[in-house]
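Asker: Please read through the structure below; I'll follow up with questions.
The values are calculated or read from the model by the stated rules, or taken from the named source; none is laboratory data. Not measured: the values here are computed from a predicted model. FYI the Cβ positions are ideal-geometry reconstructions off the backbone, even for glycines, and counts take in every protein chain you see. Ligands, DNA and RNA are excluded from the accessible area calculation, which covers all protein heavy atoms including side chains. Shrake-Rupley method; radii C 1.70, N 1.55, O 1.52, S 1.80 Å.
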Amino acid sequence: METLLSVIIIFGLLVFIHEWGHLYFAKRAGILCREFAIGFGPKIFSWKRNETVYTIRLLPLGGFVRMAGEDPEMVDIKPGFEIGLVFNQKRKVSKIIVNNKSKHPDAFVVQVEKIDLEHNLIIEAYNDEGERIQYQVDEQAKLVQDELETQIAPWNRQFGSKTVGQRALAIFAGPLMNFVLAVVILIAFALFQGMPVDEAQVGDVSPDSAASEAGLLEGDRVIAIEGQPIDTWNEMTDIIQKNPKEPIVFEVERNGQQVTIPVTPDERVGQFGDSEGFVGIARPTEFSLLGSIVFGFTQTYAFMSMIFEVLGMIVTGQFSLDYVAGPVGIYNYTGEAAAMGIFVLMQWAAALSVNLGIINLLPIPAMDGGRLIFIGIEAVRGKPMDPQKEGLVHFVGFALLMLLMIVVTWNDINKFFM
C-alpha cells in the first residue's frame, strides 16, 4: 500500500505539472483548451471550470491537454440542414441545436444556407417565411448534439492560428515544468535534509552496519584508508566499494586526535550487477539557503547528464533493455525508494521528473519533441505541414512507443521473477 500510494502521488504530481505547463502557456496564447486530463481511457470523474473540462481517467499512464484545432473541429453542418438557434441577451446565437430539437422548445428552427463558425461567425438561414437572414454567432457559442454541449472554436482560438513561437512554447512548457519541478524538489530536499558535500567525513551511521560495529562515529573526518590519503567523499567510497568483505584500516580525526579503526565492508550488488563494498555511512551534509538553491540546479543538471549518457549508449550500440524501465520497473524502484524514507523518495521523484522532461523532448513522433520538430520544419518552410501526413507520422510513432512499452514491461516482469 505504501508503494501504491507513493506511485500515485509521484506520478500524479509529475503528470499534473507537465500538463499544467502545456495548459498555462496555451491559455496565455489565447488557445481554447477543451480538456485537461490526467490518465487515459474512460473518465472516472470530471468537472468544468471556465472553458476547460478537467478529467481524471482510468489508466494512470500519462495525461494530455486537448487544444482546439489539434483535432477536426466540430460537427459538419451543411447547407440544407435544419438547426435550432438559441439567442443570448445581445441577440447573438449562444446555442446551436444540431439534433433532438424537440427537446429545446425555446430554440428557433431555421434551414441553413451558409454557416461560418471559424472566421466570420455567422449563420445565414431561411426562416418560416422563406426570408434569408444572417445571424451573428457568439464567440463562445455551444454546439449541442445528442444533448452534449461543445464550445465552438473561432480561428483565433485555435492552436494553428498562433505564431510559431507561441505554439512552440505551449509544447515545450510541459517538459520545462518537469525540470522546474525537479529543481524545486531538490531545493526542498537540501533545505530539510541538508546539502551533501564532497568531504571525506562520516555522516549518519546506520545501526548494525559495518561502520557502527567497527566504531566509526558521525563527524569523524577520514584522513587516510590503508595509508592512502583521502580528501573527498568520492575517493573514500571508491576504496570502500572495491573492497567487499576485505578488512581495511581507516585513519580518522576525532576531537582533534587521530584514531585508527579497522573496518570490514559488507557486500552488495552494484549498479552494473557486480559486487561492491559498503559500510553503512551517509554522506556529510550542510545547511544553507543559497547552497540549497545551487544544489537544486546542479543536481538537476547531474540527473540530466546521467540520462544523456544512457541515450549516448543507445546511439553507440551499447544499449540494453536492462538500462530502461517501464511501469512495472518504475513501480518496484519507487517501492524501494519509499522503503528508504521520504528524502530518498524525493530524490527519486526529482530524477523521474527530469527523465520525463528529457524523454518528452526527444524527436520522437507523438511526443512533445516530435511536435516541436514539425513546428521547426514549418518555421523553415514558411508554411505548415499537411495535417493528415503529420497525423499519420504521430500515429505510427505512438504505435511504436506502445510496442516498446510492452517489450520493456515484459522485460521488467521477467527481472522481477528472476
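Asker: Regarding the stretch 1-40, what are the three Cα extents along the principal axes, ordered largest first, in Å?
Answerer: 42, 16, 8 Å, listed from the longest principal axis down.
Asker: Given N residues in the stretch 13-73, what is its alpha carbon radius of gyration divided by 2.2 N^0.38 Å?
Answerer: So the Cα radius of gyration is 1.06 times the expected 2.2 N^0.38 Å.
Asker: Take each of the peptides 259-265, 284-290, average the number of other beta-carbon atoms within 10 Å over its residues, and list them starting from the highest.
Answerer: 259-265, 284-290
Asker: Output the relative contact order of the stretch 1-131, whole-number percent, from Cα pairs under 8 angstrom with separation of 6+ residues.
Answerer: RCO, the stretch 1-131: 16 percent.
Asker: Per residue, how many Å² of accessible area does the stretch 1-83 show with a 1.4 Å probe?
Answerer: The answer is 56 Å² per residue.
Asker: Between the helical axis of 164-193 and the dominant principal axis of the chain, each derived from Cα atoms, what acute angle in degrees is found, rounded to the nearest 10?
Answerer: It is inclined by approximately 30 degrees.
Asker: Here is a further query. Considering the alpha-carbon set of the stretch 65-139 alone, what are its Rg and its Dmax in angstrom?
Answerer: In order Rg, Dmax, the Cα atoms of the stretch 65-139 give 12.8, 45 Å.
Asker: Rounded to the nearest 0.05, what FRET efficiency do ILE342 and THR232 give with R0 = 22 Å and r taken as the Cβ-Cβ distance? Could you check?
Answerer: The pair ILE342/THR232 has a calculated efficiency of 0.20.
Asker: Same structure again: Of the accessible area of the stretch 97-256, with the probe set at 1.4 angstrom, what percent is carbon plus sulfur?
Answerer: 46
Asker: Taking a threshold of 31 Å on the Cα-Cα distance, which of the pairs LYS78/LYS383; LYS48/LYS90; LYS48/LYS389; LYS27/LYS90; LYS95/LYS389; LYS95/LYS162 fall above it?
Answerer: LYS48/LYS389; LYS95/LYS389
Asker: Return the label of the correct value of Cα Rg over 2.2 N^0.38 Å, as calculated from the structure shown, out of [x] 1.36; [y] 1.82; [z] 1.00.
Answerer: [x]
Asker: Kindly express, to the nearest 10 degrees and within the range 0 to 90, the angle between helix 2-28's C-alpha long axis and the longest C-alpha principal axis of the chain.
Answerer: Long axis of 2-28 versus the principal axis of the chain: about 50 degrees.
Asker: Any idea how far apart GLU129 and SER275 come out in nm if each label point goes 7 Å out from Cα toward Cβ?
Answerer: Once both label points are built, they end up 9.9 nm from each other.
Asker: Report the label-to-label distance for GLU253 and ASP106 in nanometres (one decimal), using points 7 Å from each Cα along the Cα→Cβ vector.
Answerer: Between GLU253 and ASP106, the label points sit 8.3 nm apart.
Asker: If I model a spin label as a point 7 Å beyond the Cα along the Cα-Cβ vector, how far apart are those points for ILE56 and LEU290 in nm?
Answerer: 4.4
Asker: On the principal axes of its Cα set, how long, how wide and how thick is the stretch 87-212? Give whole Å, largest value first.
Answerer: Computed over the stretch 87-212, the largest-to-smallest principal extents equal 96, 35, 24 Å.
Asker: To continue, here is another question. I need the semi-axes of the equivalent ellipsoid of the stretch 191-272: take the C-alpha gyration tensor, multiply each eigenvalue by 5, square-root it, list largest first in whole angstrom.
Answerer: 18, 17, 14
Asker: Could you compute the net charge surrounding LYS245? Neighbours are other residues with a C-beta less than 9 Å from the C-beta of LYS245; K and R count +1, D and E count -1.
Answerer: Once all neighbours under 9 Å are counted, the net charge is -3.
Asker: Please compute the net charge surrounding MET177, taking Lys and Arg as +1 and Asp and Glu as -1 over other residues with Cβ under 15 Å from its Cβ.
Answerer: Value of the local net charge: 0.
Asker: What FRET efficiency do you get for LEU401 and GLN140 if R0 is 30 Å and r is their Cβ-Cβ distance, rounded to the nearest 0.05?
Answerer: Calculated value: 0.25.
Asker: Any chance you could run the full-extension gain for GLU213 through ASN88? It's 0.36 nm times the residue separation minus the Cα-Cα distance, nm to one decimal.
Answerer: Gain in length upon complete extension: 36.9 nm.
Asker: Starting from the alpha-carbon convex hull of the stretch 1-119, give the projected area averaged over all orientations, in nm².
Answerer: Value for the stretch 1-119: 10.2 nm².
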